[in-house]
Amino acid sequence: MTQLVKRGLGLGMLLCMLADAEDELVQVEPPREALDTQVWVLTHPDLKEVARIKAFTDFAYTRLAADAKVLAMPAGRPAAR
């Protein structure tokens, strides 16, 4: 969807963590709090210690954690890892 908006095919409701990285996009209204949600990276319990799966989840967590908005938790919700 980000690429479609960048190519001028219309407006789109994009994740800030994706759209903020695109200099040519312009935010036309502030994010809607009602659409705020958590980001989950899930794996089967039997696979969570498999090296390639653990490497990916560690990488994904590190990259997501670099954006403070991604890990910011709404009031009353505990952060999980």
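The values are calculated or read from the model by the stated rules, or taken from the named source; none is laboratory data. This one's a predicted model, so the numbers in the text were calculated from it and none came from an experiment. With ideal geometry, Cβ positions are generated from the backbone for all residues, glycine too; neighbour counts draw on all protein chains shown. Each accessible area value is taken on the protein alone, full model and side chains, heavy atoms only, with ligands, DNA and RNA left out. Shrake-Rupley method; radii C 1.70, N 1.55, O 1.52, S 1.80 Å.
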**Q.** For the range 1-61, accessible area per residue (1.4 Å probe, heavy atoms of protein chains only), Å²
**A.** 89 Å²
(Q) Run the simple label-point estimate for V26 and H44 please: 7 Å along Cα→C-beta, distance reported in nm. (A) 4.9 nm
Q) Please state the equivalent ellipsoid semi-axes for the range 6-71: what are the square roots of 5 times the Cα gyration tensor eigenvalues, largest first, in whole Å? A) 30, 14, 11
